[in-house]
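*Asks:* Encoded as structure tokens, here's the structure I'll be asking about.
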Amino acid sequence: MNTTAIDKKGCRLVAHRGVSGLEKENTCAAFVAAGVKSYFGIETDVHVTADGKYIVVHDDDLRRVAGVDLQVEKTDFDTLIRVPLPDTDGTPRSDLRLPSLNDYISICRKYEKTAVLELKNRMPRGHVAGIAAVVKDMGWLDRTIFISFSGENLVDLRELYPEAEIEFLTCEASEENFRFMEKYRFGADLCGSCVTPGYVARLHAAGLKVILRHARIRRPAARRGAESQLLDHRPPGGRGKADWGGGGLYNHQHPRITCLKCHSSRGTLSGLRFGLVTYLFVRSLRRIRALRVRRAPDASNFGVSGFEKTQA
């Protein structure tokens, strides 16, 4: 998806796990696909491996992304990066592997994209510091937003880097979480199913940025007062995030089928119609691409690497 075609209304779009509607999620290919488009940033997830290194992958194991039953945090880095990943349509690709943290930051830096980096699971303070140090040493700390469901990770990071951009991920719009975010000056990254306009207003009044996840057309009450948003029409299990304005920084928007209802004068029915037409169009393109892949000669027979093949 080329984001220049979207009337953003001041929103800054972030490619969630890269452009994973076109390339395998959380791979260098997905990050580069976001880099060459007009996204404001690229979001990803980082785990600590069994030997204390930093690898990019969303899940705690590789069963979904690679069909291999390996626990990420119980496996050494070298083993993980050797695991081949299938393409989005399930076909093998020799260039798809799990990236390192350095790979991800290098791509963000090359294409001048803000890095939105989720620290997965609770990790020792030394590794929170180690991840931030990698980003800092690569000269990208000022262009990185750190996010996590683990409040302990974020508190450690705030103490180590007081000026870092940090957001707390949570599915509970509770008083306890409000006080926590207010105390440490964390932005709020909230699930749409738990948010009320009143809670958002309180956060804005406290000077905190608010990000909305799981925006859905079926929940109009949760969207009241939103100054800007994107509605995500991904398949079941997909997640989208949108900025509610009031000092907010950007929109997290997974680059698949996007309803532009809230960025135009379209009503709900019109927005749904637009989403359906776009879905059918993208599905047709994917079928054409799959046919081309099946008909194409094996690039390895000509001495061309898998990565070069995908770039052709």
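The values are calculated or read from the model by the stated rules, or taken from the named source; none is laboratory data. Only a predicted model underlies this, so the values are computations on that prediction, with no experimental measurement involved. Cβ coordinates were reconstructed from backbone atoms using ideal geometry, including for glycine residues, and neighbour counts include every protein chain displayed.
*Asks:* Out of everything in the stretch 16-33 that is touching a Pro at 6+ places or on another chain (Cβ under 8 Å) and hydrophobic (A, V, I, L, M, F, W, C), what residue ends up being surrounded by the fewest Cβ atoms within 10 Å (Cβ to Cβ)?
*Replies:* Per the stated criteria, the residue is Leu22.
*Asks:* Against the condition of a type outside the set (D, E, K, R), at pLDDT 85 or above, part of a loop (DSSP other than H, G, I, E, B) and crowded, with 19+ Cβ neighbours inside 10 Å, how does Leu203 come out, does it pass?
*Replies:* no
*Asks:* Take the stretch 100-122 and flag every residue that is more than 14 Å from Ile42 (Cα to Cα) and assigned to a loop (DSSP other than H, G, I, E, B).
*Replies:* Once the filter is applied, which keeps residues that are more than 14 Å from Ile42 (Cα to Cα) and assigned to a loop (DSSP other than H, G, I, E, B), the stretch 100-122 yields Lys120, Asn121, Arg122.
*Asks:* So which residues in the stretch 59-69 are buried (at least 19 other Cβ atoms within 10 Å of the Cβ) and assigned to a loop (DSSP other than H, G, I, E, B), if there are any at all?
*Replies:* Leu62
*Asks:* Could you tell me which numbered condition Ile55 fails, if it satisfies all but one of (1) part of a strand (DSSP E or B); (2) β-branched (Val, Ile, Thr); (3) modelled with pLDDT under 95?
*Replies:* (3)
*Asks:* Please enumerate the residues belonging to the stretch 159-200 that are loosely packed, with under 13 Cβ neighbours inside 10 Å, small (Gly, Ala, Ser) and within 20 Å of Arg122 (Cα to Cα).
*Replies:* If the condition is that a residue be loosely packed, with under 13 Cβ neighbours inside 10 Å, small (Gly, Ala, Ser) and within 20 Å of Arg122 (Cα to Cα), then no residue fits.
*Asks:* Right, another one. So which of Asp142, Asp156 is at pLDDT 95 or above, assigned to a helix (DSSP H, G or I), out of contact with any strand residue (DSSP E or B) (no Cβ under 8 Å at 6 or more places or on another chain) and surrounded by 19 or more Cβ atoms within 10 Å (Cβ to Cβ)?
*Replies:* Of Asp142, Asp156, the one residue that is at pLDDT 95 or above, assigned to a helix (DSSP H, G or I), out of contact with any strand residue (DSSP E or B) (no Cβ under 8 Å at 6 or more places or on another chain) and surrounded by 19 or more Cβ atoms within 10 Å (Cβ to Cβ) is Asp156.
*Asks:* In the stretch 97-134, how many residues are at pLDDT 95 or above and touching an Asp or Glu at 6+ places or on another chain (Cβ under 6 Å)?
*Replies:* Residues that pass the stated criteria total 5.
*Asks:* Considering only residues that are aliphatic (A, V, I, L, M) and farther than 15 Å from Gly187 by Cβ, which ones fall in the stretch 116-161?
*Replies:* Residues satisfying the conditions are Met123, Val128, Ala129, Ile131, Ala132, Ala133, Val134, Val135, Met138, Leu141, Leu160.
*Asks:* Among residues belonging to the stretch 174-191 that are out of contact with any Lys or Arg (no Cβ under 6 Å at 6 or more places or on another chain) and at pLDDT below 90, point out the one that is farthest from Leu154 (Cα to Cα).
*Replies:* Selected residue: Leu190.
*Asks:* Here's another thing I want to ask about it. Is one or more of the residues making up the stretch 211-230 modelled with pLDDT of 90 or more, within 27 Å of Ala133 (Cβ to Cβ) and not basic (Lys, Arg)?
*Replies:* No; the residues of the stretch 211-230 include none that is modelled with pLDDT of 90 or more, within 27 Å of Ala133 (Cβ to Cβ) and not basic (Lys, Arg).
*Asks:* Give the residue that is modelled with the lowest pLDDT, with candidates limited to residues of the stretch 1-15 that are crowded, with 24+ Cβ neighbours inside 10 Å and touching a Pro at 6+ places or on another chain (Cβ under 9 Å).
*Replies:* Leu13
*Asks:* Name, by its number, the condition in (1) surrounded by 17 or more Cβ atoms within 10 Å (Cβ to Cβ); (2) more than 21 Å from the chain's Cα centre (by Cα); (3) at pLDDT below 95 that does not hold for Ser94.
*Replies:* It is condition (1) that Ser94 fails.
*Asks:* Among what's in the stretch 98-134 and is in contact with a Leu (Cβ under 7 Å, 6 or more places away or on another chain) and farther than 25 Å from Val83 by Cα, pick the residue that is surrounded by the fewest Cβ atoms within 10 Å (Cβ to Cβ).
*Replies:* Ala129
*Asks:* Sort out which residues of the stretch 24-41 are within 24 Å of Thr91 (Cβ to Cβ) and either part of a loop (DSSP other than H, G, I, E, B) or in contact with a helix residue (DSSP H, G or I) (Cβ under 7 Å, 6 or more places away or on another chain) (or both), and write them in order of number.
*Replies:* Matches in the stretch 24-41: Lys24, Glu25, Asn26, Thr27, Cys28, Ala29, Phe31, Val32, Gly35, Val36, Lys37.
*Asks:* Which of the residues that make up the stretch 34-47 are surrounded by fewer than 23 Cβ atoms within 10 Å (Cβ to Cβ), over 13 Å from the mean Cα position of the chain (by Cα) and either under 22 Å from Val83 (Cβ atoms) or at pLDDT below 90 (or both)?
*Replies:* Ser38
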